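Asker: Structure incoming, see below.
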Amino acid sequence: MAAYDEDLAYIHDQGYSRVAEQAAEFVLDLLPPGASVVELGCGAGVTARRLTDAGHEVLGIDQSQALIAIARRRASGATFRVGSFVSEPLPECDAVLAISEVLNYLFDEDNTRAALPGLFARIHTALRPGGVFVFDLAGPRVLRESRTWNAGADWAVLVESRVEGDVLARRITSFREHGSGYRRSEELHRQRVYPPSEILPLLRAASFRARTRRGYFAHPGRHVYLARKG
């Protein structure tokens, strides 16, 4: 599956940055001064820019080369690399973030349900004592068929969602202004959903103190998790 190629990366940055902005404000209240932060699925660098402006050090990791290119332009004070959160090495840090359903996405075929305990353990190891792991996940309530449309000044996007067991499959058709017309592209994004009743025990098994929070994502069926290393 494509992971935000050039046109969809542009559209995502132009029209879908609100959650990243709200998450940055939420996270800033949790960080010590001059914290080192690893952001998994950093996208276009919206959160990273807010954190570096506040004096924090940020490493952003994302599978999309197009999103990383935007992030490097936006947040020049951060470090970015292309890679998968499933396998990328995690340096010692004060916080790990995965904002806007990052862990739900199945761009990496190794991002299986069975891989979550290992991922949580790696994050716990990377965090310094007292460090935080902040992320959000879509839960089973988002599993519904739908067809939605959105548009900006020079782009438009159609999203058709279907349910495949515990996976929400979104076929995304995007149109971006190009020359005298519009360029069309398509991507298929698949997300496996997880309820808090599955995630919280996994976090606690990895030695986190964990709970859900109302946080920055006020949407039915999506949950913000705050996990802290003792």
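The values are calculated or read from the model by the stated rules, or taken from the named source; none is laboratory data. Owing to the predicted nature of the structure, the values given are computational and were not obtained by experimental measurement. Every residue, glycine as well, gets a Cβ built from its backbone with ideal geometry; the counts of neighbours run over all protein chains shown. Quick note on the areas: whole protein, heavy atoms, side chains included, nothing else; ligands and nucleic acids left out. Shrake-Rupley method; radii C 1.70, N 1.55, O 1.52, S 1.80 Å.
Asker: For region 133-230, what relative contact order do you get, as a whole percent, if you take Cα pairs closer than 8 Å and at least 6 residues apart? Can you show the working numbers first?
Answerer: Values: 188 pairs, mean separation 29.4, N = 98.
RCO, region 133-230: 30 percent.
Asker: Which whole-number percent is the relative contact order of the chain (Cα, under 8 Å, 6+ apart)?
Answerer: Once normalised by length, the contact order is 19 percent.
Asker: Report the one residue of 161, 48, 208 whose Cα lies farthest in the direction of the positive end of the charge dipole of the chain (charges on C-beta: Lys and Arg +1, Asp and Glu -1; origin at the Cα centre).
Answerer: With unit charges placed on the Cβ atoms, the residue in question is 208.
Asker: Say a site is exposed when it is one of the trypsin sites (Lys or Arg not before Pro), sits in a DSSP loop, and has at most 12 other Cβ atoms within 10 Å; what is then the longest site-free stretch of the chain?
Answerer: 1-143
Asker: Reported to two decimal places, what Rg/Rh ratio describes region 126-171 when computed on Cα atoms with Rh from the Kirkwood expression?
Answerer: 1.22
Asker: Return one number: the angle in degrees, 0 to 90 and rounded to the nearest 10, between the long axis of the Cα atoms of helix 18-28 and the longest principal axis of the Cα atoms of the chain.
Answerer: Approximately 20 degrees, to the nearest 10.
Asker: Could you state the angle between the C-alpha long axis of helix 6-15 and the longest principal axis of the C-alpha atoms of the chain, as a value from 0 to 90 degrees rounded to the nearest 10?
Answerer: Tilt of helix 6-15: around 70 degrees.
Asker: Would you work out the charge dipole size for the chain about its Cα centre, treating the Cβ of every Lys and Arg as +1 and the Cβ of every Asp and Glu as -1, and quote it to the nearest 20 debye?
Answerer: Computed charge dipole of the chain: roughly 660 debye.
Asker: Give me the 1.4 Å probe accessible area per residue for the chain, excluding ligands and nucleic acids, in Å².
Answerer: About 46 Å² of surface per residue is accessible.
Asker: Continuing with the same structure: Of the beta bridges DSSP finds with both residues in the chain, what % are antiparallel, to the nearest 5?
Answerer: Working: 42 of 59 bridges.
Rounded to the nearest five, the antiparallel share is 70 percent.
Asker: Turning to a different aspect of this structure: What is the percent carbon and sulfur in the accessible area of region 99-169, measuring with a 1.4 Å probe over the protein chains and ignoring ligands?
Answerer: Numbers: 1680 of 3120 Å².
On region 99-169, the fraction of accessible area on carbon and sulfur atoms equals 54 percent.
Asker: Angle, helix 196-205 long axis vs. longest principal axis of the chain, Cα atoms, 0 to 90°, nearest 10?
Answerer: Helix 196-205 sits at roughly 40 degrees to that axis.
Asker: Pull out a ≥ b ≥ c, the square roots of the eigenvalues of the alpha-carbon gyration tensor of region 176-226, then state rounded if a/c is under 1.5, prolate if not and a/b is larger than b/c, and oblate in the remaining case.
Answerer: prolate
Asker: Return one quarter of the surface area of the convex hull spanned by the alpha-carbon atoms of region 84-204, equal to its mean projected area, in nm².
Answerer: Averaging across all directions leaves 9.5 nm² for the Cα convex hull.
Asker: Follow-up question, since we're still on this one. Counting only GluC sites (Glu not before Pro) that sit in a DSSP loop (anything but H, G, I, E, B) with at most 10 other Cβ atoms within 10 Å, what is the longest stretch of the chain containing none of them?
Answerer: 1-108
Asker: Please give, to one decimal in nm, the separation of the simple spin-label points placed at residue 197 and residue 146, each 7 Å out from Cα toward the Cβ.
Answerer: 2.3 nm
Asker: Specify which labelled value, from (1) 0.93; (2) 0.95; (3) 1.03, agrees with Rg/Rh (Cα atoms, Kirkwood Rh) derived from the coordinates of the model shown.
Answerer: Among (1) 0.93; (2) 0.95; (3) 1.03, the one calculated here is (2).
Asker: To the nearest 0.05, what FRET efficiency results for residue 76 and residue 170 with a Förster distance of 30 Å applied to their C-beta separation?
Answerer: The calculated FRET efficiency here is 0.40.
Asker: Please compute the length gained on full extension between residue 158 and residue 114, using 0.36 nm multiplied by the number of residues separating them and subtracting their Cα-Cα distance. Numbers along the way, then the final one.
Answerer: Values: separation 44, 0.36 × 44 = 15.84 nm, distance 3.21 nm.
Additional length available on full extension: 12.6 nm.
Asker: Same structure, new question: So how much slack lies between residue 21 and residue 121, counting 0.36 nm per residue of separation and subtracting their Cα-Cα distance, in nm?
Answerer: Fully extending the segment from residue 21 to residue 121 adds 33.2 nm.
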